[in-house]
Amino acid sequence: MIDFFGANLFFIAVLILIVLIAVWNVFLQLQQRKLRNKIMTLLGGKKAKGLEKVIFELIKRLKENEKKVLELKKFDKYLEKMAVFSIHKVGVVRYNPFKEVGGDQSFSIALLDSRNSGFVITSLYGRETNRIYGKPVKKGKSEYQLSEEEIMAIEEAIAC
């Protein structure tokens, strides 16, 4: 028997090598199959029956997502347009226009958009009366005569 193994040792080594390669090949195929099944389960859920169906399902989802992205882009443009005209800048000045009334109960507040347009509101507080004025502002200026406090409120808002 030693003579048999000794004489055919080369052939036995080659045979063992072939068997090892075959076992390794089977192992790799099993790993690939497990990986493919795991991917199909992740992508297509438990109902995934074939790679082709999974791919079609993914394409369908991709098209739906593209539609949603387009809707979001439209909404984003709308928000950008609206943001230009919303109030971005605020300036407030409190003061006492009448010496007989204590405290700074009167105020001027400027509310401006990104283009320095908006309005200024002034409230004059007196013991007997309270008057409120509103004046439009375009590009930091008004066509109406502005008080010193209103100008200060606009300048404060523009400085924001």
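Throughout, read-outs are computed from the coordinates displayed, never taken from laboratory work. Only a predicted model underlies this, so the values are computations on that prediction, with no experimental measurement involved. No Cβ is skipped: glycine too gets one built from the backbone with ideal geometry, and neighbour counts run over all protein chains shown.
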Completion exercise
Listed by chain and number, the lysines with an alpha carbon less than 26 angstrom from that of LYS60, same-chain partners under 8 positions apart left out, are LYS34, LYS38, LYS46, LYS47, LYS49, LYS68, LYS73, LYS74
Problem - Karplus-derived HN-Hα couplings along the stretch 23-32 (A = 6.51, B = -1.76, C = 1.60, θ = phi - 60°), whole Hz, x at Gly and Pro - result: 5, 4, 4, 5, 4, 5, 5, 5, 5, 5
Handout entry: Identified option (computed P(r) over Cα pairs in 5 Å bins from 0, in percent; candidates [x] 2, 9, 19, 22, 19, 14, 9, 5, 1, 0, 0; [y] 2, 7, 9, 8, 7, 5, 5, 4, 4, 4, 4, 5, 5, 5, 4, 4, 3, 3, 2, 2, 2, 2, 1, 1, 1, 0; [z] 2, 10, 21, 26, 22, 13, 5, 1)
Key = [y]
Practice task
Identify which of ASN65, ASN25, ASN130 has the largest mean-square fluctuation in a Gaussian network model of the chain, with springs joining Cα atoms closer than 10 Å.
Solution key: ASN25
Handout entry: Test item: Cα-centred dipole of the chain, Lys/Arg +1 and Asp/Glu -1 on Cβ, debye
Key = 1160
Fill in the blank from the handout: Given backbone amide H placed at 1.01 Å from N, residues whose amide H is under 5 Å from that of SER106, ignoring those fewer than 5 places away on the same chain, are TYR95, TYR125
Handout entry: At q = 0.16, 0.19, 0.27 Å⁻¹, base-10 log of I(q)/I(0) for the stretch 94-160 (Debye sum, equal scatterers on each alpha carbon)
Key = -0.52, -0.68, -1.12
Practice task
For ALA22 paired with ASP76, estimate the spin-label separation in nm (one decimal), with each label point 7 Å from Cα along the Cα-to-Cβ line.
Solution key: 6.0
Exercise for the section: Identify all lysines with a Cα-Cα distance to LYS139 below 28 Å; exclude those on the same chain that are fewer than 8 residues away in sequence. Expected result: LYS77, LYS81, LYS89
Exercise for the section: Give me the aspartates and glutamates in straight-line cross-link reach of LYS63: C-alpha distance below 16 Å, same-chain residues under 8 apart excluded. Expected result: GLU71
